[in-house]
Amino acid sequence: MKIALTGGSTGIGAEVAKKLTAKGHHVTAFDITEPAENVARWIKTDLNDSSSIEAALGQADAPYDALINNAGIPPREGLEAAILGVNFFGFRAFSEGFLDKLSEGASIVNVASRAGAQWRENLDEVKALLACSAEEVSGFIEAHEIEHVRAYNLSKEAVIAYTMSQTEALVARGLRMNSVSPAAVSTGILDDFKAAFGAKAANSIARAGRPGHPQEIADVIVYLASNESAWIKGQDIVIDGGMSAMGMSDALGLNG
């Protein structure tokens, strides 16, 4: 298979590239940083720059059998515009520009986050973001008083909602899209999440016994990109070592 991967140089993306290459697949990485290994081709791409996205799409050699949207920015103070720009607007522009480069039956896998789990409760704000263009992001941040943690959560809420909303249109084109929502994962940006989510994150990790490993997230992504998961469409797969189930059990009083 020929697979496009955004954000393939570190963390989960690097593990995805490693697993795909080990299976004999051809991986093209679209990333601002060149991966050190496990990709057949690198196309420099800045998802926060529309001209870079356009140039990268122009260099992509179709057809591809899967697109894995993994690139993203963690919740860092002062980066609100970049977080929304890369995690949602850049993701959306790249994905929509890539559709004609996908073969019939191709899979699209979007990396969201457990931080996006409250998309239903925040649906009005999610819809407002979906209705925005990248050029309007500064005004959106100001109007909605978005700080860095909310920017991250909202970006991932929007990825989950967007994934679901595209299902019927993509099925009509012979394509499918799913998302995955990892919780805390032991990558180089884990400290960013611990700082952003504080005691809540620490408690969830303690109850689960440890953070996830990037290869565990990569296993699910690789499966969703493969033909073995062909009947899974429009789903958000939570990968969190039981953290969501524990929290839900608490809320519903199911813990005895």
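Please treat every number below as a calculation from the coordinates, not as lab data. Predicted model, so just to flag it, every value in this text is computed and none were measured. Glycine also receives a Cβ, built like all others from the backbone with ideal geometry; neighbour counts cover every protein chain displayed.
For this structure, a couple of remarks:
- log₁₀ of I(q)/I(0) at q = 0.17 Å⁻¹ - the chain, Debye sum with one point per alpha carbon: -1.39
- Under 5 Å, built H, 5+ apart or other chain: amide partners of Y64: L102, S103
- Three-way shape call for the stretch 101-168 based on the alpha-carbon gyration tensor, with the a/c threshold at 1.5: prolate
- Each listed q (0.17 Å⁻¹) maps to a log10 I(q)/I(0) for the stretch 89-224, found by the Debye formula over equal Cα scatterers with no solvent: -1.05.
- With helices as the sole contributors, the chain gives -13500 deg cm²/dmol at 222 nm; each DSSP H run of n ≥ 4 counts as -39500 (n - 2.57), and the sum is divided by every residue.
- For chymotrypsin sites (Phe, Trp or Tyr not before Pro), no site in the stretch 115-154 is both called loop by DSSP and has at most 14 other Cβ atoms within 10 Å.
- Coil-residue GluC sites (Glu not before Pro) of the stretch 110-175, DSSP, other Cβ within 10 Å capped at 15: E121, E145, E147
- Mean separation of Cα contacts under 8 Å (6+ apart) over length of the stretch 98-256, as relative contact order %: 32 percent
- Note on A22 and R173: their simple-model spin labels are 3.2 nm apart, each label 7 Å out from Cα toward Cβ.
- In straight-distance terms, cross-link reach from K19 covers every one of the aspartates and glutamates whose alpha-carbon lies under 15 Å from its own, apart from those fewer than eight places away in the same chain; here that gives E37, E216, D219.
- The stretch 2-110: GluC sites (Glu not before Pro) falling in loop per DSSP and having at most 14 other Cβ within 10 Å: E37, E77
- Ignoring the sites themselves, the chain has its longest run without trypsin sites (Lys or Arg not before Pro) in a DSSP loop having at most 14 other Cβ atoms within 10 Å at 24-119.
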